[in-house]
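Report on the structure given below.
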Amino acid sequence: MGPLTAFMVLLSGIFGDEKEHGNRDAGVTKIMFGSCNTARMEQWAWGPVMQKSPDAWVWLGDSVYGDLNVTEYSSFGAKWRPATPPHLRRLYDIQREKPGYSKLVNSGIPIFGTWDDHDYGNDNADSTYEFRAESQREFLDFLGEAQDSPRRSREGVYETHTLEKGRIRLILLDVRYHRTPYDDDGDEGDFLGEEQWAWLEKTLRESDAEINLIGGGIQFLAPRASILGLNVAESWTRFPKARQRLLDTVLNSGARAPLFMSGDVHFAELSEGFCRQGSKGDEARIVEITSSGMTHSWGTEPFWFRSLLSLFLSFPGNNDYQAYPIVDKLNFAEMQIRLVEFLQNKL
């Protein structure tokens with residue numbers, strides 16, 4: 001029999017501490033990611049990120065807050081206004097010039113990413129956002145995307161990348177450019193649009209990777225979209241049929257070891273779900289890692305915000321998929337992947 005491959009994923013650094021984690025292990029691929037980063041606030045994360053020498057950094061949304069009117073911001077909330085392309089460009093310039101982030105950019109470490117609402121252009125924005133095409137251009141410029149990249153001609157910033165000679169695949173979804181307005185179609189709404197669905201199905205079906213990382217700006221598994229009929233958070237559960245289609249697409253594609261990555265919620269969380277897969281109804285386990293809150297989080301707001309978050313999570317169904325207590329501190333995530341080859345014993 002030929003060589004088989006197993007993988008191990010080790011999560012660390014999600015608390016955002018600045019401890020040194022020892023010498024780099026040549027057999028481990030380190031992928032770090034985060035979200036919810038305000039260009040005008042102090043940014044503590046880049047020193048620890050650089051100390052850990054990642055193989056890639058991944059933005060999972062809100063790399064800047066283009067829609068925030070800073071003159072109207074308070075700890076309790078903010079008044080949002082749609083971002084214009086020149087304003088987004090200025091914020092991306094500010095972010096690129098941050099000393100810590102500029103070191104990452106100049107290090108040659110690959111930087112990948114997708115957006116969420118605030119770097120797309122407006123709070124909870126959808127396909128009706130006026131400047132979505134212009135915003136895409138500014139975002140791809142920020143990432144340093146080549147001018148002849150196919151991503152430049154798509155409607156949406158979705159993309160796939162590979163690491164370790166194709167053994168690890170990163171799939172980044174765009175849940176903004178084609179998203180249905182929430183009030184239009186109810187349960188029938190969609191996040192991706194048919195062109196992106198077709199691309200995702202093809203990408204998963206043709207993937208030879210041993211682990212497939214699927215990232216997006218909002219949570220995939222957590223069913224915490226509504227409390228007493230009031231929508232207080234965005235997640236794929238806002239459109240149940242689209243969420244089921246996503247799970248079916250991933251599990252029926254044949255892609256090995258799918259794992260979700262997300263941002264948005266201003267805390268970190270490890271979630272897991274169990275789904276029925278295939279005609280035999282075999283049980284499949286899906287894991288999601290959420291990292292959100294690089295410059296601001298529930299734990300950095302006034303003390304009563306933590307109580308509010310605890311109340312929010314106490315409502316029935318809001319943490320059914322939670323596999324580990326949330327982290328409400330400032331955070332980023334470090335994923336360590338070890339791909340191990342071994343030989344199957346001959347029968």
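Scanning the stretch 44-71 for residues being under 14 Å from residue 103 (Cβ atoms) and under 19 Å from the mean Cα position of the chain (by Cα) gives a total of 5. Only residues that are buried (at least 21 other Cβ atoms within 10 Å of the Cβ) and either more than 18 Å from the chain's Cα centre (by Cα) or not in a helix (DSSP H, G or I) (or both) were counted in the stretch 134-159, giving 6. Checking each residue in the stretch 89-126 for being part of a helix (DSSP H, G or I) and touching a helix residue (DSSP H, G or I) at 6+ places or on another chain (Cβ under 7 Å) picks out 89, 92, 95, 96, 100, 101, 102, 103, 104, 105, 119, 120.
Restricted to the stretch 1-31, and to residues that are more than 15 Å from residue 164 (Cα to Cα), outside any loop (DSSP other than H, G, I, E, B) and in contact with an Asp or Glu (Cβ under 8 Å, 6 or more places away or on another chain), which residue is modelled with the lowest pLDDT? Going through the qualifying residues, I end up with 3. Looking at this structure, is residue 213 within 17 Å of the chain's Cα centre (by Cα), within 23 Å of residue 340 (Cα to Cα), in contact (Cβ under 8 Å) with a residue 60 or more places away in the chain and crowded, with 18+ Cβ neighbours inside 10 Å? Spelling it out, residue 213 is indeed within 17 Å of the chain's Cα centre (by Cα), within 23 Å of residue 340 (Cα to Cα), in contact (Cβ under 8 Å) with a residue 60 or more places away in the chain and crowded, with 18+ Cβ neighbours inside 10 Å.
Looking at residue 289, is it closer than 25 Å to residue 65 by Cβ, assigned to a strand (DSSP E or B) and at pLDDT below 90? So residue 289 does not fit the description; no.
Applying a threshold of 7 Å to beta carbon distances and a minimum spacing of six or more residues, or different chains, the list of pairs starting in the stretch 189-201 at a residue that is crowded, with 18+ Cβ neighbours inside 10 Å and ending at one that is of a type in the set (Gly, Ala, Ser) and part of a helix (DSSP H, G or I) reads 189/242; 190/242; 191/242.
Residues checked against (1) farther than 23 Å from residue 160 by Cβ; (2) modelled with pLDDT of 95 or more:
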| site | (1), (2) |
| --- | --- |
| 98 | yes, yes |
| 103 | yes, yes |
| 108 | no, yes |
| 115 | no, yes |
| 119 | no, yes |
| 124 | yes, no |
| 128 | yes, yes |
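The values are calculated or read from the model by the stated rules, or taken from the named source; none is laboratory data. What you are looking at is a predicted structure, and each value in this text was computed from that prediction instead of being measured. Please note: Cβ atoms are built from the backbone with ideal geometry, for glycine as well, and neighbour counts cover all protein chains shown.
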